1. Looking only at the range 208-223, which residues are open to solvent by 60 Å² or more (accessible area, probe 1.4 Å) and either within 18 Å of ALA192 (Cβ to Cβ) or in contact with a Cys (Cβ under 6 Å, 6 or more places away or on another chain) (or both)?
2. Give just the number: which of (1) in a loop (DSSP other than H, G, I, E, B); (2) in contact with a strand residue (DSSP E or B) (Cβ under 7 Å, 6 or more places away or on another chain); (3) farther than 26 Å from ASP216 by Cβ; (4) not β-branched (Val, Ile, Thr) does ALA448 not satisfy?
3. Show me the helices (runs of 4 or more DSSP H) found entirely inside the range 284-392 where at least 2 residues are over 29 Å from ASP421 (Cβ atoms) and more than 25 Å from the chain's Cα centre (by Cα).
4. Could you please let me know if THR264 is in contact (Cβ under 8 Å) with a residue 40 or more places away in the chain and under 21 Å from the mean Cα position of the chain (by Cα)?
5. Could you grab me the full set of residues in the range 438-448 that are open to solvent by less than 50 Å² (accessible area, probe 1.4 Å) and over 13 Å from LEU460 (Cα atoms)?
6. Within the range 56-68, can one find any residue that is open to solvent by 70 Å² or more (accessible area, probe 1.4 Å), out of contact with any helix residue (DSSP H, G or I) (no Cβ under 9 Å at 6 or more places or on another chain) and in a helix (DSSP H, G or I)?
7. Please state which one of PRO438, PRO450, PRO466 is under 18 Å from ALA349 (Cβ atoms) and touching a residue at least 12 places away in the same chain (Cβ under 8 Å).
8. Quick check: anything in the range 394-402 in a helix (DSSP H, G or I), touching a strand residue (DSSP E or B) at 6+ places or on another chain (Cβ under 9 Å) and at pLDDT 95 or above?
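The values are calculated or read from the model by the stated rules, or taken from the named source; none is laboratory data. Treat the numbers as computed from the prediction; the structure is a model and nothing was measured. As a convention, Cβ positions derive from the backbone with ideal geometry for all residues, glycine included, and neighbour counts pool all protein chains shown. Protein only, heavy atoms only, side chains kept; ligands, DNA and RNA dropped before computing areas. Shrake-Rupley method; radii C 1.70, N 1.55, O 1.52, S 1.80 Å.
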Amino acid sequence: MTDYDLIVIGAGAVGENVADYAHKRGLAVAIVESELVGGECSYWACMPSKALLRSGHALAAAKRLDGAKQAVTGELDAAHVLARRNSFTSDWKDDGQVSWLESADIALIRGHARITGEKTIEVGGETHTARAAVAVVTGSLHALPDVPGLADAKPWGTREGTSAQQVPESLLVIGGGVAGSELATAWASLGAKVTLVARHGLLGGMEPFAGELVTDALRELGVDVRTGVSPVRVDRDEHGLVTTKLDDDTTVITSEVLAATGRTPHTADLGLESVGLTAGDWLEVDDTMLVHGTDWLYAVGDANHRALLTHQGKYQARAAGEAIAARYQGTPLHTEPWGAHVATADHAAVPQVTFTDPEVASVGLTERAAREQGLNVRAVEYDLGGVAGSALQADGYTGRAKMVVDEDRGVVVGVTFVGQDVAEMLHAATIAVVGEVPVDRLWHAVPAYPTMNEIWLRLLETYGRPE
């Protein structure tokens, strides 16, 4: 039996942050990992997917500039793109991440953890106890839709979609969310013939123009985007080809099929039932990430289903790690909104970038979500291509921006940008939403000319100058 102050189950980016922030406050911490230290983001999600996309973005950007496009004499070198992607995953080896844990004085326990009682886990037949808390940071799993034959056809999930070592001749992507849209973009840019099917439109939880502009761009890239249809049967034949029948009575034949239709909890085999919780469920938490009904169990990141984004999970982790330490050490706990030990931004200030081409960068509430919450809002839109900085960024720049204002408080509650290179513009919007900066004061935040940030002035002008 080995005792620690805190035991973290899951050594992904989020788990590492819980452990690090608690340790910085003086706690003895161990972290348990059954696969690779660094987790999903490092090896099968954020980093490899963006590495797959970046070269295509750069080439497309060059082709949108007269003078530069004449210098482009070839297409992407897929082998080099895949090799570059591999470098960002360290070839799926976690030596570097393990070295970081050692340097941070965080103990690593290899194996699968099961909770066996309050503050107690078992790994490989050994029992470990925590004096303060146990944190479940196990992430989520790829969800396979219930389509006859799909499981037997050995489909790609998001892991295969980000780690494949060869470009498939053809690929069917099922799902029009962020993962489906990004991976369709990536593999089409690398030369695969891609078909994307989505039950509804693309990027459904965002402002409507986001999905519309991304759909147009995917089609221009050569992707066969079919919305309003779903697969009803999937079969892989003896030659490896996958035949997918859709509910509009059409058939698609591809080399591979990728299902990107959502995530499920990774909590089924953790022993949660031993402490009165339901195995396989998302874990409900308060704003310090403490699981409801307990005073020792925390769930951080995807496991709590608040915001399935790595950066948001790491934000929760910073709050949780320090909250665990404060509770254990008896120091002041700041749980007021925007306090040091809570993840207030999860509720209405979550930033997200979809790395399609064009990119979609958003933070806060869409107009629809704000109205559904009962807010008295006014929204304004502007053509991002009409800004001087955008015209310099790309010939024929196509994009759009939208600002949602809470009229009763006079603050911005949501912003969405769609266009080339908008990802790096998002943090200003995040600060405006989180800081609840009055719209009247934003008029004094002068955007540099000529940059795309001048869109802020155009949105404010469209909204109207204060009397």
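1. The initial filter retains those residues of the range 208-223 that are open to solvent by 60 Å² or more (accessible area, probe 1.4 Å), namely 208, 212, 216, 219-221.
If the condition is that a residue be open to solvent by 60 Å² or more (accessible area, probe 1.4 Å) and either within 18 Å of ALA192 (Cβ to Cβ) or in contact with a Cys (Cβ under 6 Å, 6 or more places away or on another chain) (or both), then ARG219, GLU220, LEU221 are the ones that fit.
2. (2)
3. Details: elements: 310-329, 345-348, 367-372.
Answer list for the range 284-392: 310-329.
4. Numbers: in contact (Cβ under 8 Å) with a residue 40 or more places away in the chain: yes; under 21 Å from the mean Cα position of the chain (by Cα): yes.
Yes.
5. None; the set is empty.
6. As a first pass, look at the range 56-68 and keep what is open to solvent by 70 Å² or more (accessible area, probe 1.4 Å): 63-64, 66.
Pick out the ones that are also out of contact with any helix residue (DSSP H, G or I) (no Cβ under 9 Å at 6 or more places or on another chain) and you get 66.
Subset that is in a helix (DSSP H, G or I): none.
No - not one qualifying residue is present in the range 56-68.
7. Working: PRO450 fails: under 18 Å from ALA349 (Cβ atoms); PRO466 fails: under 18 Å from ALA349 (Cβ atoms).
After applying the criteria, what remains is PRO438.
8. Step one: of the range 394-402, the residues in a helix (DSSP H, G or I) are none.
No, the conditions are met nowhere in the range 394-402.
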